[in-house]
1. Could you go through region 175-192 and let me know if any residue there is within 21 Å of LEU32 (Cα to Cα), loosely packed, with under 14 Cβ neighbours inside 10 Å and more than 23 Å from the chain's Cα centre (by Cα).
2. Could you identify the single residue in LYS46, LYS83 that is in contact with a Ser or Thr (Cβ under 6 Å, 6 or more places away or on another chain), under 24 Å from LYS194 (Cα atoms) and in the same structural domain as THR16 (by TED's automatic domain parsing)?
3. Within region 5-42, which residues are within 12 Å of the ligand (Cβ to nearest atom) and out of contact with any helix residue (DSSP H, G or I) (no Cβ under 9 Å at 6 or more places or on another chain)?
4. Just the residues that are within 13 Å of the ligand (Cβ to nearest atom) and in contact with a Lys or Arg (Cβ under 7 Å, 6 or more places away or on another chain), please, taken from region 112-140.
5. For region 213-259, what are the residues that are among the hydroxyl-bearing types (Ser, Thr, Tyr), over 22 Å from SER200 (Cβ atoms) and under 21 Å from the mean Cα position of the chain (by Cα)?
6. Quick one: which residue in LYS160, LYS181 is assigned by TED's automatic domain parsing to the domain that holds TRP81 and touching an Asp or Glu at 6+ places or on another chain (Cβ under 9 Å)?
7. What is the number of the single condition among (1) of a type outside the set (Asp, Glu); (2) at negative phi; (3) part of a loop (DSSP other than H, G, I, E, B) that ASN36 does not meet?
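The values are calculated or read from the model by the stated rules, or taken from the named source; none is laboratory data. Just so it is clear, the model here is predicted, and its values are computed rather than measured. Using ideal geometry, Cβ is built from the backbone for each residue, glycine included, and neighbour counts are taken over all protein chains shown.
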Amino acid sequence: MEIILRIISLVSSYRTNGNTNKTVSLIEQQLLSIANKEKITLEIEKILLSHFDIKTCCGCRACFDKGEEKCPLKDELLFIWEKIYQADGILAASPVYVEDVNGIMKNWIDRMAFNCHRPAFAGKNVFIVTTSGGGSSNHTINTMKNAFTTWGMNLAGSSKFRTGKQMDSVEIESRYSKEIKKVAEALFKAVKNKSNQRPSFYSLITFRVQQKCWQKSTQCQDTVDYKYWQRNEWLQRDCNYYIPNKASFLKIKFAQLIGSIVAIFYM
Ligand SMILES: Cc1cc2nc3c(=O)[nH]c(=O)nc-3n(C[C@H](O)[C@H](O)[C@H](O)COP(=O)(O)O)c2cc1C
């Protein structure tokens, strides 16, 4: 049977001809070359967030309380959501702006906040890429990592590219050929081998914290969130993660213990 893998690359830079988009294009080429060698059909679709109509969150909480389809902002957010939902893996890239993600990425993350309550992307692999002038990218990576893991996604890795103000593709490729290859190999391997079946310790804890909070929230049983968790059978005592997984017994037990303690402070 032919294997078809789908990857969405998500670029938040406003500059179509900027460092982030060029770096992502080079990683995409590598991904296609790996897939070709392995005789696997790989479909990659790039989403340039700045080309889509994504309005600023107005904080009304309609997505949390009534469901994302009740958001009063009519734009293309759910169109992109659906693309990610259909994909096997995500390559998410942002330039560093004042030590964090740029505004386009942050606004998109804020608008996607309902996924923190209803993690529909549970188990999807994501690889994070940043480009920067030369400063630290740690905070930028953490902003995306925190959002994606809270949405239940599995972090396949992260990579930092120091590209200065403007670098052309040839220079990015010659300076970072090893790193580009490394990113492509890590993401391809994670997607192909379904590494989401081996959730990280951090992801297992995140799940446990959420599970404990919903299990205890007796007044919330009529909410969209509670029903979502119940429908997915994530509230059952023997459920240890969003998807069936191969995490070791000890890792799960230890994560559950820490998650249960952390959950006490959330309730
Ligand atoms: C508003 C703004 C803020 C920036 N802040 C930082 C920063 O804090 N640290 C850093 O290393 N680079 C910073 N940069 C440089 C960009 O991160 C870098 O040039 C990046 O590769 C640009 O990506 P792009 O060409 O895809 O837009 C900033 C650039 C802009 C325009």
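1. Filtering region 175-192 down to residues within 21 Å of LEU32 (Cα to Cα) leaves 175-192.
Now narrow it down to the ones that are loosely packed, with under 14 Cβ neighbours inside 10 Å: 177-178.
Retained after the next criterion (residues that are more than 23 Å from the chain's Cα centre (by Cα)): 177-178.
Within region 175-192, one or more residues are within 21 Å of LEU32 (Cα to Cα), loosely packed, with under 14 Cβ neighbours inside 10 Å and more than 23 Å from the chain's Cα centre (by Cα).
2. Numbers: LYS83 fails: in contact with a Ser or Thr (Cβ under 6 Å, 6 or more places away or on another chain).
Among LYS46, LYS83, only LYS46 is in contact with a Ser or Thr (Cβ under 6 Å, 6 or more places away or on another chain), under 24 Å from LYS194 (Cα atoms) and in the same structural domain as THR16 (by TED's automatic domain parsing).
3. Within region 5-42, the first condition is being within 12 Å of the ligand (Cβ to nearest atom), and the residues that meet it are 11-25.
Correct list: ASN17, GLY18, THR20, ASN21, VAL24.
4. Our first condition is that a residue be within 13 Å of the ligand (Cβ to nearest atom); within region 112-140, this holds for 129-140.
Of everything in region 112-140, those that are within 13 Å of the ligand (Cβ to nearest atom) and in contact with a Lys or Arg (Cβ under 7 Å, 6 or more places away or on another chain) turn out to be THR130, SER132, GLY133, GLY134, SER137.
5. Once the filter is applied, which keeps residues that are among the hydroxyl-bearing types (Ser, Thr, Tyr), over 22 Å from SER200 (Cβ atoms) and under 21 Å from the mean Cα position of the chain (by Cα), region 213-259 yields only TYR228.
6. Values: LYS181 fails: touching an Asp or Glu at 6+ places or on another chain (Cβ under 9 Å).
Answer to the selection: LYS160.
7. For ASN36, the exception is condition (3).
For (1) without any contact (Cβ under 8 Å) to a residue 24 or more places away in the chain; (2) of a type in the set (Gly, Ala, Ser); (3) closer than 15 Å to MET105 by Cα; (4) not in a strand (DSSP E or B), each residue gets a yes or a no:
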position: LYS22; (1), (2), (3), (4): no, no, no, yes
position: ILE27; (1), (2), (3), (4): no, no, no, yes
position: GLN30; (1), (2), (3), (4): no, no, no, yes
position: LEU42; (1), (2), (3), (4): no, no, no, no
position: GLU45; (1), (2), (3), (4): no, no, no, no
position: ILE54; (1), (2), (3), (4): no, no, yes, yes
position: PHE64; (1), (2), (3), (4): no, no, no, yes
position: ILE80; (1), (2), (3), (4): no, no, yes, yes
